[in-house]
Amino acid sequence: MRVIKLKKDNLFPFLEVISEKADLWAPVKKGDKHVFKVVDDFSKVELNTTRTILPPRKIFLPQTFSMFNISEKGYEEDFSHVTKKILFGIHPCDIHGLLTLDNFFKQDYLDPYYLEARKNTLILGLSCWPDEYCFAKSTNTHIIEEGFDLFFTDLKDFFLVWIGSSKGDDLIRLKPEFFDENLTDKDIQTYIDWQTARDNAYKWSINFTALPDLMELKYRDPLWEKLGDACLACGSCTNVCPTCNCYNIMDKQFLGGKDGKMIRYWDACTLEEYSEVAGGENFRKKRADRLKLWYTHKLQAYISKYGKPSCVGCGRCIVTCPVDINVRTVGKALLGEKEDAFWLRFNKEVTK
Amino acid sequence: MNGENKHLTHDNPFLPEPARIVRTYYLTEDVKFFQVRIVDMEKALSFNYSPGQFGMISVLGAGDAPFSISSTPSRPGLLEFCIGKAGTVTNALFRMKENSLIGFRGPYGNGFPIEKMKDKDIIIIVGGLGAAPLRSVLLYCLDNRDQFRRVSLLHGAKKPAEMIFREEFFALKQREDLECHLSVDKDDTGKWTENIGVVTTLFSLLEKIDPVNTYALVCGPPVMYKFVIKELVNLNIPKDQILMTLERRMKCGIGKCGHCAIDYIYTCLDGPVFTYWDVIHMRELI
Ligand code: SF4
Ligand code: SF4
């Protein structure tokens, strides 16, 4: 892969140039948190962020969008959510999240609503620094070798820019004078030092390889009832997780007319309505059963199919769940690591 | 129907194919029969599927829902469905008249393993609305009678008025190449001429079987499975030759929306036909 340098001061001018080509999405502040948003004022772009509130999935599959316009003539495809976009500032774990979604939406039947949006979006990754919730090193998603057009490693005075695709290279060619092709030994050493320090900055870890077996063995463990009793069935964990993909479809008729739209919107397996079938029966009425489904998917099912968990270690469920049910508490409980701070807190404060 | 779109380079698996309701009538008080034809004649006649597969029917404005196909691919051109009133989509369908336009997409799911079932004995065990998917495989076996050995049908309904495909199944009793046993749990008419009792009571009427070379196909209400499977296991039919079709959870049909997920599998892709051996290993299946 070709790697070049970009002076720090040149980043925003570069973003400004490329944003003429497509809508530029980047992390900006929202309260004390961050969100991905279309930006035109580049001074608002945040470089030192951790996770955004919602994962980048929302850029490809908005929370609600129309799939078909419906009229007496029938169904007319609606791809209005697909526009040319550039996504800047996405971290390695979230790029892994997209690769996981790619696998999913490409297997068996292709999902054109996701894949077309994906094809029309350039991915400009950005390195990051873990906080106390991140654990991407445990999921091996702290490094990324594919899935981006450009990747920027922030080394304080300059960026290393990894060119991952021909389209990425085209962006560079818009302003070649901003970049420097010559990496010195010192630059490379700076990178190595940064990488070592970053790898050492992860504050906790979890042994994912042990979890599939434990999910199987502890499927009937009272642990699940305990988690189920605490869960509010709010669906937040599912909405914030970068690898969750469930949705629902409904027809929306315009008032008074015969016309309407077929709408697709995010759904969450942790919500009670999720497992309801025609006729009103619900085969997963218990919150414990719905949590088991979610964790089977994150910690077991994907591993057995693709050899890695579908959790990418972003920590969103950890910062989001109001009652501390997350990959960390559940994982640690399954592993029997009773002294883990989160599991202790769950036991002490949530279930008392 | 297919809108032009500058972005679109893929086929769209969500796009319903226009189809017409050719004929519809009530089978029982709350179950209706639908004969449907894809409007495009070439597509209609080349449309192929296996018994046990299902399709999505959409009604403009009401949405779509999965239905097992009750017709057999050995009689191409028309698709048949046997639909019980259950939700928004079925309510809308029930109101539709013959010749109305609907949307159809499919076929989906795995269907029955017809190749493996060839040259074997086939026992089909139906409870109530379970006839909807099993009629497809039953008709398929009868249309290709020389490809299978013994074929038996054990059919149970709650009461005579709730038996769907009544004339059709009674007519089968005349056939020499099929062992057909019919039963109702209760006869409230006083005119029922066949067996009375739950469907498992029909097992005692079944001629002696050759278990290792038998495939048993089961579909019915959830309560039925436990008792029927017990009989079949006692008859020594191998657990991977006991097949059941479980379609109640499907939503999108193409393994994307997530609603039919159980453990590792998507019922709509890996099912709706499962063996009893699968069921033992998948905790939430029945
Ligand atoms: S399970 Fe939690 S930590 Fe893992 S990817 Fe999903 S939100 Fe992030
Ligand atoms: S686990 Fe937490 S975030 Fe998820 S549904 Fe339950 S309470 Fe909400």
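The values are calculated or read from the model by the stated rules, or taken from the named source; none is laboratory data. Keep in mind the model is a prediction, meaning the values are calculated, not measured. Cβ atoms come from the backbone with ideal geometry, glycine included; neighbour counts cover every protein chain shown. Note: areas computed on protein heavy atoms with side chains; ligands, DNA, RNA excluded. Shrake-Rupley method; radii C 1.70, N 1.55, O 1.52, S 1.80 Å.
Things to note:
- Any hit, the stretch A:173-185, residues being of a type in the set (Val, Ile, Thr) and open to solvent by less than 20 Å² (accessible area, probe 1.4 Å): no
- For residue A:130: the one exception among (1) more than 26 Å from residue A:12 (Cβ to Cβ); (2) open to solvent by less than 30 Å² (accessible area, probe 1.4 Å): (1)
- Single match in A:275, A:304 (criterion: more than 21 Å from residue A:342 (Cβ to Cβ), among the hydroxyl-bearing types (Ser, Thr, Tyr) and open to solvent by 50 Å² or more (accessible area, probe 1.4 Å)): A:304
A quick yes/no check of all residues on (1) at pLDDT 90 or above; (2) open to solvent by 50 Å² or more (accessible area, probe 1.4 Å); (3) over 25 Å from residue B:166 (Cα atoms):
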{"site": "B:56", "(1), (2), (3)": "yes, no, yes"}
{"site": "B:71", "(1), (2), (3)": "yes, no, no"}
{"site": "B:85", "(1), (2), (3)": "no, yes, no"}
{"site": "B:95", "(1), (2), (3)": "yes, yes, no"}
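- Taking the criterion of being of a type in the set (A, V, I, L, M), within 16 Å of ligand 2 (Cβ to nearest atom) and either at the interface with chain B (Cβ under 7 Å from one of its Cβ atoms) or open to solvent by less than 30 Å² (accessible area, probe 1.4 Å) (or both), the only residue of the stretch A:246-272 that qualifies is A:268.
- Of the residues screened, residue A:311 is one that is within 25 Å of residue A:202 (Cα to Cα), in contact with a Phe, Trp or Tyr (Cβ under 8 Å, 6 or more places away or on another chain) and more than 14 Å from chain B (Cβ to nearest Cβ).
- Candidate set: the stretch A:314-352, residues that are aliphatic (A, V, I, L, M) and farther than 17 Å from residue A:135 by Cβ; chosen: the one farthest from ligand 2 (Cβ to nearest atom): A:344
- Qualifying residue in the stretch A:269-280 (condition: under 19 Å from the mean Cα position of the chain (by Cα) and in contact (Cβ under 8 Å) with a residue 24 or more places away in the chain): yes
- Identity of the residue in the stretch B:105-141, assigned to a helix (DSSP H, G or I) and modelled with pLDDT under 95, that ends up farthest from residue B:30 (Cα to Cα): B:133
- Residue in the stretch A:61-91 that is farthest from residue A:147 (Cα to Cα), counting only those that are away from ligand 1 (no atom under 12 Å from the Cβ), crowded, with 23+ Cβ neighbours inside 10 Å and not aliphatic (A, V, I, L, M): A:75
- The condition of being away from ligand 2 (no atom under 16 Å from the Cβ) and under 24 Å from residue A:304 (Cβ atoms) holds for residue A:283.
- Where residue A:289 falls short, out of the listed (1) within 12 Å of another protein chain (Cβ to nearest Cβ); (2) within 14 Å of ligand 1 (Cβ to nearest atom); (3) not basic (Lys, Arg): (2)
- Residue in the stretch B:225-239 that is under 26 Å from residue A:300 (Cα atoms), of a type in the set (D, E, K, R) and modelled with pLDDT under 85 present: no
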